[in-house]
Structures are given as structure tokens and as C-alpha cells.
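FYI, it's all coordinate maths here, none of it is from the lab. Predicted, not measured: the structure shown is a model, and the values here were computed from it. No Cβ is skipped: glycine too gets one built from the backbone with ideal geometry, and neighbour counts run over all protein chains shown.
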């Protein structure tokens, strides 16, 4: 029997404004974020930005357990195209994988970026692309050796953003895909089409919606990604333009065992309790969307 989607839905610290993108606003404390997740009924969470949670895996497991939570995995920006940095980057990846694995995590989510402190998008040559493909394969091996799984995450501002880039990684690697319903949409991909063509390659789903008006401003360069997020780029599920019910229905038909992560990326300007409560109300509304979907299945 299919487990309800709500039972396979994890939280993500980015929903509470915790993000690894340089300069990404005010960061809440782990206790503030984890206690709110637990109060909303989540049983699993993603890792959050490196440094947000304890570096020691056993300590991390204990911190999560105090809130009744388990680790699903985490999003990690990686530099894979640069041959000169490859060895050091793989050592860094191995250390984070070990940390997540010792804390009970399952998914290592990679996002290829130009530099950890500079998410620009220069045009890569063929050798750099091939090196990136090699990097994905290397991470596949590192994660498998620790009993974890690896999936790559197309993301606005990263080196894999648009549909051509996403499909290139799918074609040239065996790495699984994080189907992020919003970032794929913003990058020009059709998430429903990817479900139809590559259902067997989807390892994890990041659920979020897109406000089409804010998306226009982002694509035109009128606002940055963080500014767009602050303007409501990712509204509660069902309030935007992404055909989420269609996508989830197709996923549940093809891959009913998949885990989902609720992501409503937020960027806080400061420790304003009203802003935090607004975020929480958005999560509650998204959970209602998920529960309604389960009710009609």
C-alpha cells in the first residue's frame, strides 16, 4: 500500500531562511528552526547550509533526536569543473558525506557552482563539462561507499540551471536527479516532461511553487535571486503557476516510494518575529495542500 505523501515529506532549513548562498540574509538558530519543524509534524529534515548544524555526525544525530527528527540528507554546493581544485573538493565532499552518514542521512544533494563564494555562470568549455561529469561519478562512488545516495540539483545561478544543462548531466552521467519543481521551471525545464522521460532517474523531489510575476523580474535581471525570494518568488504550494498536482500525480504513479522535501525558500532581513510567523503560516498552507492531495488519492 502506498504510504501517504505527508509521511514522505521532509522539511528543509531554507524554508526558515537558512541558506548557503553567500550573503543570504539573517540566519535563525538551529533550535528555533528544528523546534518549529517538529511542532509542524515533520519527522525528517535536510541538513541546511554547512555549519548550520554540528559537524560531528553523532552530535548531529543527538541534536535532531532532541526534536524528534531524523536526517534525510542535505544540499551541498560543489566545484566540479576545475581540475586544479578537484582533489581538495572531493576530500571536502567525503568529509560531509561521512558526517551525514554517521548522522543517519540518506541523500547527498550536489549543486555544481563556479565557486563557493561566487555563484557566477561563465560558459564552460568541453573539458570543464567533462570534468564536471567525472565529478558527479566520483560523488556517486563516495556516497555509495558510505551507504548513502547521490542526486544532482539544477538550481538558478548554478552551473546546471537550464534544460539543456540538466539533460546533459542526465545523458553523460548515471547520477540521479533532484526534481526541484520550482528551480527547474525557472531554468526553462518542464518538470512534468522530465517525469515522463526520466522517472527512473529521479531520486528525490523538492516541492515548491513559483510566483510568475516575480519570476519575470528575476529572469529579466531586475532583481537578484535573494530579492526575488524576499518578494515571494516561492509562495505556498498551490498559490503559484507550477502544475504541482499534475506533477505529483505522475510521480506517485511512476515512483510511489519517493521522498519529497517541502521547500519554500525564504530570506530574512532580521530577527523579526512577525516575519518568522509569516513563514510558518506559509508552511501550514503548503501542508494543507499536501494533505488535500492525500485525501483524494
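Under a 10 Å cutoff between Cα atoms, tell me which one of 278, 121, 167 has the largest fluctuation in the Gaussian network model of the chain.
With Cα springs under 10 Å in the chain, the top fluctuation among 278, 121, 167 is at 278.
Could you tell me the calculated FRET efficiency between residue 224 and residue 82, based on Cβ-Cβ distance and R0 = 25 angstrom, to the nearest 0.05? Mind dumping the intermediate values first?
On the way: r = 24 Å, r/R0 = 0.97.
Step by step, r from the Cβ atoms, then E = 0.55.
Quick check: pseudo-label points 7 Å beyond the Cα along Cα→Cβ at residue 91 and residue 255, how many nm apart are they?
3.4
May I ask you to sort 289, 234 by Cβ crowding, counting other Cβ atoms within 10 Å and putting the fewest first?
Numbers: 289 19, 234 27.
Ranked by crowding around the Cβ, least crowded first: 289, 234.
If each of residue 35 and residue 172 carries a label point 7 Å out from its Cα toward its Cβ, how far apart are those two points in nm?
If labels sit at residue 35 and residue 172, their model points lie 4.8 nm apart.
Name the residues of region 25-43 whose amide N is less than 20 Å from a point 7 angstrom out from the Cα of residue 62 along the C-beta direction?
Of the residues in region 25-43, 30-35 have backbone N under 20 Å from the label point off residue 62.
For the chain, taking Cα atoms only, what is the radius of gyration to one decimal and the Dmax to the nearest whole Å?
17.9, 53
Arrange the following residues from fewest to most other Cβ atoms within 10 Å of their Cβ: 237, 225. List each step's numbers first, then the result.
Numbers: 237 27, 225 20.
If I rank by nearby Cβ atoms, fewest first, I get 225, 237.
I'd like the FRET efficiency for residue 217 and residue 102, computed as 1/(1 + (r/R0)^6) with the beta carbon distance as r and R0 of 35 Å, rounded to 0.05.
Efficiency at R0 = 35 Å is approximately 0.25.
So if I take the alpha carbon set of region 1-158, get Rg, then get Rh from the Kirkwood formula, what is the Rg over Rh ratio? Walk me through the intermediate numbers first.
Details: Rg = 16.1 Å, Rh = 16.4 Å.
Here Rg/Rh amounts to 0.98.
Using the eigenvalues of the Cα gyration tensor, what equivalent ellipsoid semi-axes result for region 90-129 when each is taken as the square root of five times the eigenvalue, whole Å, largest first?
Details: eigenvalues 144, 23, 17 Å².
Working from the Cα gyration tensor, I get semi-axes of 27, 11, 9 Å.
Using only helices, what value at 222 nm comes out for the chain when you add -39,500 (n - 2.57) per DSSP H run of length 4 or more and divide by the total residues, to the nearest 500 deg cm²/dmol? Write out the running numbers ahead of the final one.
Working: 11 runs with 130 residues, N = 297.
That calculation yields -13500 deg cm²/dmol at 222 nm.
Looking at the chain, what % of its DSSP beta bridges pair antiparallel, to the nearest 5?
On the way: 2 of 27 bridges.
Close to 5 percent.
For the chain, modelled as a Gaussian network with Cα springs under 10 Å, which listed residue fluctuates most, 89, 171, 252?
171
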